[in-house]
1. Within a Cβ distance under 10 Å of Thr239, other residues only, what is the Lys/Arg minus Asp/Glu net charge?
2. Val35's amide H: which non-local residues (gap 5+, or another chain) put their own amide H closer than 5 Å, with H modeled 1.01 Å from N in plane and none for Pro or chain starts?
3. I need the shape label for segment 170-401. Rule: rounded when a/c is under 1.5, else prolate if a/b > b/c, else oblate, with a, b, c from the alpha carbon gyration tensor.
4. Amide H of Leu451 versus every other amide H placed in the peptide plane: which residues, excluding those fewer than 5 positions away on the same chain, fall under 5 Å?
5. Can you give me the orientation-averaged projected area of the convex hull built on the Cα atoms of the chain, in nm²?
6. Could you tell me whether segment 250-359 comes out rounded, prolate or oblate from its Cα gyration tensor? Rule is a ≥ b ≥ c as square roots of the eigenvalues, rounded for a/c under 1.5, then prolate if a/b exceeds b/c, otherwise oblate.
7. How far, in degrees from 0 to 90, does helix 374-383 lean away from the longest principal axis of the Cα atoms of the chain, to the nearest 10?
8. Arrange the peptides 138-146, 470-478 so that the one whose residues have, on average, the most other Cβ atoms within 10 Å appears first.
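Throughout, read-outs are computed from the coordinates displayed, never taken from laboratory work. Since the structure is predicted, the reported quantities are computational estimates derived from the model, not experimental observations. Note that we place each Cβ from the backbone using ideal geometry, even for glycine, and neighbour counts take in every protein chain shown.
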Amino acid sequence: MQKTAEEQISRILGSKSEERLLSSFFVLYKTARIVDRKNETFKNQSETFFKHLQPAIKSSGDIAIKLVNGRYFINEMMIRFDDQGTSGAASVVSEWKKFGLGGVEFSSDITKEGAENFFVFMASMKPSDENIDSIIAKLKSQNLSCIKLFSLSELQQNQSLVSEQMRKQFRQAARQTFFRAMSVAQEAMVNTATGKDVSTSKTRRVVHNLIDHISRDESSLIELAAIKDYDDYTYAHSTNVCIYSLTLGVRLKMDRARLSQLGFAALFHDVGKVKLPSDLIKKPDAYDENDWLQMQQHPLLGAKTILRNMKLDLHTARGARGAFEHHINQDFTGYPKLQYKKRPTNLFSKIIAIADSFDALTSGRIYVKKPIPPDEVLKKMHYQMAVKYDPFLLKIFTNIVGIYPAGSLVLLSTEELALILTNNKDNPAKPCVKLLGDKEKLFEEPVWADLSLPEHAERNIVRMVDPARYGLQVKDFILGD
Ligand SMILES: [Fe+2]
Ligand SMILES: [Fe+2]
């Protein structure tokens, strides 16, 4: 049976129950260092840990908690820890590093007492006196056969944990959501164009799915937004602007309700364009003055359309404002021109304005007729157009997109060509890429590579190259697995 996108994500990245198991593990681990096992806090936390461990054992058998390359795993499942969880685990992780310990496995016949024995045992180990071998030897003498320890080095060798298969499945789930968002945006926009009333519930559902993907893995959808060559670009553009805006919102730590409104507003920011003649939207030549005057109507038309065709609520009110304000510019040099008091635009409109310009300029499909490479667009936005955007938001956006934005083609020091897929937040010079070939020929099968991993240490980015020079289509490579 076909798995839904959500089921696929949970299987690959773990669900909330795995996160709770991991969190209760670290809490109990730390508690054991502070109080003895008769203490009420210890007892309660042991209870909580075992409550989370039992169902995991029931469904998966032995349960291993491991740390590989800074990522947490329960068995083969990578767990995304939130900021709180990560900081809670930080002291334990640094202690493990000193020991050379990479993980622990609880066998399926573990008892609560056995698990408590393990935590008490670990609390008695001092990083200054012990290493992984001495700990394993001491554990043996404790008769704790239901516990197995892994050394850091043995786990690091086993990098197949983040297996190619999982990565593919996760990207496929993200892709499904991306295309669903695009079709929902199209349906809603076409319906409003014909004056039909539009229900917002479908749109909200798909925006929530996008939020789920981005919250779990910020980069999951960014690479898809790099694809610009669609027949009808308006809907892909709306989806891309929604993805960029939501990613910014997640970085700003907006709550889910606000993210939902932001995503909704971003998805409909250009809805006014469906009221303009399609010849104008699709015009292949540069716009003349008359074209521009017509095009500049779309913010007002958009706000009116949303208010007329959708039930008024917080989503649609914010949507109407985003549609109206997204071209006004921080310095009011844009459109529509405001005749009266110039109020600063809303935060959502500022976010959408940045996402919109970046996507429009890199696509070469709207306003400019030739795509500008993503890195040049960012430079342009920083230097030539800094007055148009909120500087703080632009900085965060640049950080999200990275020095080498998704969809750029680069030459590596190994003389290989690579397509940038996603930015590595902690190491922007070393993004995730697809190795496409060398200067001579393309590889039969492009190879996915996280350049931040030690095995790719010799692969450094030398410079960006123009895909057209090599006759390459970015879309084929992003969707090509
Ligand atoms: Fe627009
Ligand atoms: Fe736009």
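1. Net of charged neighbours comes to 0.
2. Here the answer is none, since no amide H 5 or more places off falls under 5 Å of that of Val35.
3. Taking the square roots of the gyration eigenvalues as a ≥ b ≥ c, segment 170-401 is rounded.
4. Cys432, Val433
5. 26.9
6. Judged from the Cα gyration tensor, segment 250-359 comes out prolate (a/c at least 1.5, a/b above b/c).
7. Once rounded, the angle reads 70 degrees.
8. Averaged packing, sorted descending, gives the order 470-478, 138-146.
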